[in-house]
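Written below as structure tokens is the structure these notes are about.
The values are calculated or read from the model by the stated rules, or taken from the named source; none is laboratory data. Not measured: the values here are computed from a predicted model. Neighbour counts are summed over all protein chains in view; Cβ atoms, including those assigned to glycine, are modelled from backbone coordinates with ideal geometry.
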């Protein structure tokens with residue numbers, strides 16, 4: 001029997017109770033890792049942790065006190081960490097000219113500030129040669145309408161990732177970004193858009209993707225696992241688009 005890729009490794013997945021985070025936590029667990037997932041909803045985190053057979057802890061990524069609590073929990077529970085998947089994120093569309101301060105603070109707070117301070121807080125717990133993967137988005141580049149704040153939060157995360165890669169290299173810690181295109185997850189359903197509008201949006205989006213379909217959370221998870229593994233030992237400060245080709249074909253109708 002072959003040894004599992006992540007035997008004796010500890011992984012933390014923020015926002016691990018649904019979508020890409022859930023799929024990644026599942027694969028990490030299957031490959032032998034001890035996995036801790038976090039999320040904002042206690043109920044959802046507990047439910048997902050029970051389904052996956054992993055450890056769950058409630059923490060809002062944008063709340064630094066909650067992050068401190070998470071660090072204490074992880075330290076007590078597992079001691080140190082080998083893989084940190086910074087996956088927690090939200091998407092709230094609004095056109096330029098109608099962006100509220102509250103909306104700006106909420107998206108930047110979770111998508112950028114939350115991700116950045118998750119790394120800051122976890123650094124003392126990360127083993128040398130650990131791997132950090134930040135979940136970004138092709139929206140950082142696409143200029144898609146109604147995504148100004150979301151896109152800016154992801155572009156900021158990518159810029160941070162490049163700098164952090166340089167600074168964390170002496171410890172052998174690798175940090176990379178994953179930029180998914182449209183993926184079948186619940187994130188769009190949480191935007192408050194009516195069902196018909198969502199369906200129309202999904203169909204229009206699908207037609208623009210060269211591969212003519214949305215990605216699956218499991219496909220993104222495969223890339224995250226690759227970057228977390230020793231197979232990617234010479235990769236840091238990189239960004240991977242995983243988007244069915246949408247970013248290289250912006251004019252495709």
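List of remarks:
- Residues that are within 26 Å of residue 96 (Cβ to Cβ) and more than 14 Å from the chain's Cα centre (by Cα), drawn from region 157-180: 159, 160
- Scoring residue 141 on the criteria (1) in contact (Cβ under 8 Å) with a residue 60 or more places away in the chain; (2) within 22 Å of residue 11 (Cα to Cα); (3) assigned to a helix (DSSP H, G or I) leaves a single failure, condition (2).
- Scanning region 141-171 for residues that are over 19 Å from residue 105 (Cβ atoms), modelled with pLDDT under 95 and in contact with a strand residue (DSSP E or B) (Cβ under 9 Å, 6 or more places away or on another chain) yields one hit, 141.
- Of the residues contained in region 187-204, none is found to be touching a strand residue (DSSP E or B) at 6+ places or on another chain (Cβ under 9 Å), in a helix (DSSP H, G or I) and at pLDDT 70 or above.
- Residue in region 71-87 that is touching a residue at least 24 places away in the same chain (Cβ under 8 Å), out of contact with any strand residue (DSSP E or B) (no Cβ under 7 Å at 6 or more places or on another chain) and part of a helix (DSSP H, G or I) present: yes
- For region 51-70, a residue qualifies if it is more than 29 Å from residue 152 (Cβ to Cβ) and either out of contact with any strand residue (DSSP E or B) (no Cβ under 8 Å at 6 or more places or on another chain) or touching a residue at least 24 places away in the same chain (Cβ under 8 Å) (or both), and the qualifying residues are 51, 52, 53, 54, 56.
- When residues in region 120-138 are screened for being farther than 17 Å from residue 92 by Cα and assigned to a strand (DSSP E or B), 9 of them pass.
- Yes/no for residue 66 being assigned to a helix (DSSP H, G or I) and more than 15 Å from residue 84 (Cα to Cα): yes
- Residue in region 94-114 that is in contact (Cβ under 8 Å) with a residue 40 or more places away in the chain, under 20 Å from residue 225 (Cβ atoms), surrounded by fewer than 23 Cβ atoms within 10 Å (Cβ to Cβ) and touching a helix residue (DSSP H, G or I) at 6+ places or on another chain (Cβ under 9 Å) present: no
- Hey, residue 224 modelled with pLDDT of 95 or more, within 28 Å of residue 33 (Cα to Cα) and part of a helix (DSSP H, G or I) or not: yes
- Look at (1) farther than 11 Å from residue 239 by Cβ; (2) surrounded by fewer than 18 Cβ atoms within 10 Å (Cβ to Cβ) and you find that residue 151 fails only one, number (2).
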